[in-house]
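A short write-up of the structure that comes next.
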Amino acid sequence: MNDPIDVPSAADGRRWPGDAVAAVSVTMDNMGEAYELESNLWPSGMPIGNHFSVFRSLPPMLEILQSYNVQVTYFVEAWNTDVYPDTIKDVAARGHEIGLHGFRHEAWAALDPEREEELLDVSVRRFRELGINIRGFRPPGGGLNTGTRELLAGHGIDYTSPAGEHVVAADDHVFLPFRWRWIDAYCYFEPLEEMRKADGRPPGLIDPQGFEEIMEACIGEVIESGGYASLLFHPFLHDDADRLAAMRRIVERISTDSRLWCAPCGEVAEWVRGRPGMFDEDPGLTTQSWMR
């Protein structure tokens, strides 16, 4: 991507490329059976390698992104490199960034350092064997451990997208947090019921119209604050025409608003890293998680 002609500086108070007042990354998490296997939800004896989210949900989602020329970061569990290598390579060939989402969707904040190192080592190697260099990491469950950043650096991973509040450059590492309430699972995923209840919402899932309203509020908030949002879609939650239609409208909304710079996480991390002093607040990382 060409560098923008109008480059902000600390002197004029602007933080994002060109005329953009805020930044958004569209991201995706989870591939295939990894989460279900790790959580002992996959039926015993059922074959793997033909998950509906890979062959029914993902293709139309990729077509939506292509229609609006939006490149995303897809955080994928390394387990999938053996099971869905062609899918991963196809996503990368379309211009999307591949990030790491654990090996098989482990509850990352519950791991000890030795297990973290073991999983990072095998995961980065597996992706490298596919010709993919991993630079970004999103911890399954949203939480990091105190030593995670140092372990990531040892494997060439220079940004993370955990649960939190603010984009931050800390030394050579960039935090690009997501907020739980700005993801599709907050609306569509039963295990996040307690989060919804804590926000005073009625029992049950939130419909696609409600999801769109939450996303619109998110976009309005980041534009007003001049901040950053990492929006998050899970293919296994989009095997539904109404949800896909909502995703299409959200992607169109983001891609057509000149106030927003929409870019994959890796590009945002590079931008942030190159502007010392402009992104130095507390990332506001949270320990809130639906995984235990």
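Only four residue types carry charge here, +1 at the Cβ of Lys and Arg and -1 at the Cβ of Asp and Glu. Report the dipole size of the chain about the Cα centre in Debye, rounded to the nearest 20.
Details: 26 positive and 48 negative charges, 60 e Å.
Once rounded to the nearest 20, the dipole reads 280 debye.
One Cα centroid belongs to segment 46-77, the other to segment 215-292; the line between them spans 18 Å. Per residue, the convex hull around the alpha carbon atoms of segment 13-273 comes to 130 Å³. Please compute the net charge surrounding G147, taking Lys and Arg as +1 and Asp and Glu as -1 over other residues with Cβ under 11 Å from its Cβ. Neighbourhood net charge equals -4. Share of pairwise Cα-Cα distances greater than 16 Å in segment 74-171 is 51 percent (whole percent).
Summing +1 for each Lys or Arg and -1 for each Asp or Glu among the other residues whose beta-carbon sits under 14 angstrom from that of H166 gives -3. Where only DSSP H runs of four or more residues are counted, the chain gives -10000 deg cm²/dmol as its mean residue ellipticity at 222 nm, each run worth -39500 (n - 2.57).
Cα convex hull of segment 1-141: how many Å³ per residue?
Details: hull volume 20.9 nm³, N = 141.
In segment 1-141, the Cα hull volume divided by residue count equals 148 Å³.
Just to confirm a number: summing +1 for Lys and Arg and -1 for Asp and Glu over residues other than R275 whose beta-carbon lies under 11 angstrom from that of R275, what do you get? Don't jump to the answer; show the numbers that get you there.
Working: positive: R14, R15, R273; negative: E270, D280.
Here the count lands on +1.
Please build a GNM for the chain, connecting alpha carbons under 10 Å apart, and tell me which residue among A109, A78, A153 fluctuates the most. Per the Cα network of the chain with a 10 Å cutoff, A153 tops the list. Between H155, H96, H234, the residue with the greatest mean-square fluctuation in the GNM of the chain (Cα pairs under 10 Å linked by springs) is H155.
A Gaussian network model of the chain, with springs between Cα atoms under 10 Å, assigns the largest mean-square fluctuation among I219, I98, I250 to I250.
If we sort 265-274, 57-66 on the protection proxy, mean other Cβ atoms within 10 Å, highest first, what's the order?
Details: 265-274: 20.2, 57-66: 18.2.
Result, highest mean Cβ count within 10 Å first: 265-274, 57-66.
At a Förster radius of 22 Å, what calculated FRET efficiency corresponds to the Cβ-Cβ distance of S225 and D199, to the nearest 0.05? My answer for the efficiency is 0.65.
Taken together, the values in this text are just the output of simple stated rules run on the coordinates, not laboratory data. Not measured: the values here are computed from a predicted model. Backbone-built Cβ (ideal geometry, glycine too); neighbour counts: all protein chains shown.
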